[in-house]
1. For region 163-232, which whole-number percentage of the solvent-accessible area (1.4 Å probe, protein heavy atoms only) is attributable to carbon and sulfur atoms?
2. Going highest first, how would you order 322-329, 423-430 by mean Cβ packing within 10 Å?
3. Roughly what would the spin-label model give for Asn133 and His739, points 7 Å off Cα along C-beta, in nm?
4. Going by amide H atoms built from the backbone, whose H comes under 5 Å of the H on Asn578, apart from near neighbours?
5. What is the sum of charges around Asp15, taking Lys and Arg as +1, Asp and Glu as -1, for the other residues whose C-beta is under 12 Å from the C-beta of Asp15?
6. Where the centre of each part is set by its Cα atoms, how far does region 57-117 sit from region 655-701, in angstrom?
7. Within 13 Å, Cβ to Cβ, of Asn511, how many net charges do the neighbouring residues add up to if Lys/Arg are +1 and Asp/Glu are -1?
8. Residue by residue through region 726-732, which ³J(HN,Hα) values in whole Hz follow from phi under the Karplus form 6.51 cos²θ - 1.76 cosθ + 1.60 (θ = phi - 60°), with glycine and proline marked x?
Amino acid sequence: FFDVLLHSVEKKVLDEWTISLRKALSLSPQGSKMVVSDLANRIGSVADNWLRTYTTDCSEVSSRAAAMEVIASSIEPHLRLKEELNALECWTTAWFQQVREWEELYGQSQRIGCLPTSLRSKRKMLEDLDSTNSGKASSMGIIISHLNLLLEVAPRTWRYNSDLCCLLREMASIPGDMGGFQMRNALIAAQVPARIICVILREKVPPLLRLAMPGSSIAAEIIEQTTKMESSTTSHLLPLTNSSVGMGSGVHSTGPSSGTPSPADHLNAFDALASIIGIKGAKCAELSFETGNLMKGRPIVDLTALAKDTLSTVFNEYASEQGMMNHRDISLYMKTCVTGSGAQQRIATMLNKYGKDSTNLTLEGFLHYYRDVSQSSELQVLSDLHEFGFRPDLSRCDEKLMNYNRIERVVHDVIMMTKEDNCKALGRLGELGLSSLPLYYTASYSSSHLAEYILAYTAHQQKSRKSPLMFDVLKALYHTQSGWSGNEYVQVLQMALKIIAAIPGEEQKDNISTMMQSNEKASARKDIGCGLLVVARELAMSRSSQHYTHDSVLLDCYIDTLSELQKILAVKEWMAENKSQWASLERWLRPDAANTSDRGNSNRRNNAVHRSQEAFDQIHSDSDVNGNLHESDEDDDDDSRYDAFSGANSGILEVQGAGVLEVNGIYTCKSKWDSVDMYTKKDVWNDNQVVFSLFRCRLSDNSKRWYISIVPKDNTPGTSKDHDFYMSNASGNVNEIPHDYTWMTVKGYGVDPAPVVVWKQDMVVGEDPVGEGVDMCDQ
């Protein structure tokens with residue numbers, strides 16, 4: 001089969017052979033033993049080494065995948081043989097001993113070489129090919145050691161690593177009562193998790209891992225400079241050109257840069273890593289398949305039965321009537337799975353293209369929507385389902401965990417998994433690799449839900465001691481660059497802190513206190529602790545005397561992080577018990593300051609030209625609901641008034657593409673504020689008639705910003721009482737008009753994406769913009 005496989009390119013034939021062989025092997029432990037023994041015996045050869053051929057040499061994607069499936073199918077039945085299981089356990093013990101001896105030599109500061117990929121010295125007999133039939137050596141042990149060697153050269157053949165990691169994932173996914181615990185112990189003993197992390201991070205792993213595993217942690221630049229062009233550019237070796245091929249994407253695909261896979265190319269590596277450490281359900285389920293029929297020359301795709309059942313379960317949980325979601329049901333559903341980003345656009349797409357009408361969606365339309373989404377992004381479907389407690393393999397976490405938010409649910413799901421796990425600890429090298437912050441940044445791009453599960457496992461294992469990962473995250477947050485808003489790196493740091501804070505136990509309060517109040521230096525050049533509250537207090541004290549600088553933006557980042565952390569129940573309780581620690585930050589952290597704007601309870605303008613309050617009342621004359629937003633609040637800016645306004649037409653602004661659909665439309669000038677034109681638009685928001693205002697205001701640090709907000713009736717713009725949706729930095733010019741600016745979403749009321757603002761100087765007289773009856777400036 002393996003020899004024929006090299007020359008077969010017909011996918012249908014391959015699929016038939018593969019299915020038949022897998023069935024035969026699953027029913028015959030002796031037949032599986034023959035395959036595994038043959039694989040082990042061929043490892044010493046060159047041309048006949050099937051493992052090496054199909055993980056580093058074969059250029060056919062379908063052939064590599066078929067080979068890995070057959071090899072994986074032969075391993076599980078082979079582990080049912082008692083003599084092999086016993087031999088594998090002896091081999092595992094020997095590997096643990098070998099690693100311990102290597103670590104002891106390193107601890108004694110002796111000069112040592114890299115960690116071997118196979119057993120050495122007297123332990124080598126446990127990998128003697130001639131002793132496998134007698135049970136004195138383990139065929140599976142020989143194979144795992146060879147997989148170690150393949151991982152050491154994996155950076156040089158990285159575009160095929162996806163298939164190698166698929167095999168490791170399948171090996172680690174064998175049920176525990178079928179030899180799975182022994183298999184995972186063997187992989188852990190041989191340091192396979194640490195080698196996988198090295199392959200993912202390369203030179204970014206800690207120094208000890210680079211010393212132990214120099215081949216798998218070699219930098220891409222070194223490979224590119226040392227690899228010779230011994231064959232065509234379709235070879236498995238990395239070419240000395242500016243293009244490369246992505247893992248699992250086929251030989252002729254082009255990667256993001258020469259010699260470097262993209263984070264998405266590491267998905268199978270993270271699957272394998274998660275499976276080895278005991279994360280159940282890490283293997284992504286198949287969501288769709290080709291039916292075999294064609295439409296306009298293209299294959300017809302449908303959801304798998306498992307995907308349909310899973311999505312139907314979620315649909316029925318939200319449908320208010322049998323087989324039908326109304327607009328409110330869809331909104332509630334999207335609020336859960338989209339978490340505030342692009343919800344309105346997805347609702348519109350779902351109803352316009354798949355809905356029964358503009359307000360109702362049937363189960364069939366719901367499934368058709370996800371069928372089409374799965375063809376462009378299966379990870380998007382899995383991410384949506386993750387919000388409802390589904391793992392990548394579409395199994396669901398325990399029902400009693402469904403009352404937790406997503407992060408807390410993942411943490412408790414991992415804890416339940418570890419309680420049922422009988423495998424050995426990872427050891428020093430594996431734990432060091434899992435404590436590397438870059439691992440989770442890469443993982444979040446590959447699969448955000450796997451990143452959460454792996455990080456939860458790591459945090460749980462380190463809960464009894466001060467997590468080095470936590471301090472790395474705190475220091476990384478302090479060094480965040482300007483323009484953090486929407487920065488995915490910051491989101492990864494926030495995710496890490498929330499998971500660490502959510503780990504329950506006696507140490508939880510101490511860990512949260514350390515996270516908030518640590519005085520360990522955040523930077524070697526500054527005498528400031530890295531605790532969140534320590535840094536935030538320092539930034540808040542200096543903000544009033546500064547202009548709009550990096551520190552000002554950094555304070556917003558810390559306030560946002562603290563707000564995110566309060567979604568974790570234990571953090572919320574800690575904050576309630578330690579109010580004195582954040583009293584100076586209350587203006588930003590209190591619930592009604594969730595919009596994160598930098599406008600408190602003081603005047604934000606200087607030297608304003610006073611104008612009577614009637615001008616302000618005139619704008620709000622038909623918008624009583626604006627007054628209801630903060631009925632009990634007193635005016636924040638008693639001395640603030642509108643600037644003089646001549647009534648001449650200063651132009652018309654159109655807001656386009658905002659995630660909050662009601663914000664979009666034509667804004668006309670009614671007055672001036674902060675010496676520039678202020679623009680307004682009437683609309684309905686949350687079933688209330690409101691006025692959206694687009695204005696500029698001065699902040700406490702004397703910088704200026706433009707905002708799109710709802711200003712409560714009888715209040716002036718630029719206070720903490722505003723409902724802010726979007727903001728943009730202002731130039732401060734006298735005749736400034738905020739068109740062609742870069743706008744940002746304000747947390748709390750704003751929804752991504754941020755809008756584009758276009759200046760329309762002229763309009764046809766009498767035109768009613770977007771049919772909303774907005775009063776126009778004099779033409």
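1. Carbon and sulfur atoms account for 56 percent of the accessible area of region 163-232.
2. So the peptides 322-329, 423-430, ranked by packing, come out 423-430, 322-329.
3. That separation, rounded to one decimal, is 8.7 nm.
4. Answer set, sorted by chain and number: none.
5. Value of the local net charge: -1.
6. Distance between centres, Cα-based: 63 Å.
7. Net of charged neighbours comes to +2.
8. Once θ is set to phi - 60°, the couplings for region 726-732 become 9, 9, 8, 5, 9, 7, x Hz.
The values are calculated or read from the model by the stated rules, or taken from the named source; none is laboratory data. Small disclaimer: the values here were computed from a predicted structure and weren't measured. Cβ atoms come from the backbone with ideal geometry, glycine included; neighbour counts cover every protein chain shown. Side chains are part of the model used for accessible areas, which takes the heavy atoms of the whole protein and leaves out ligands, DNA and RNA. Shrake-Rupley method; radii C 1.70, N 1.55, O 1.52, S 1.80 Å.
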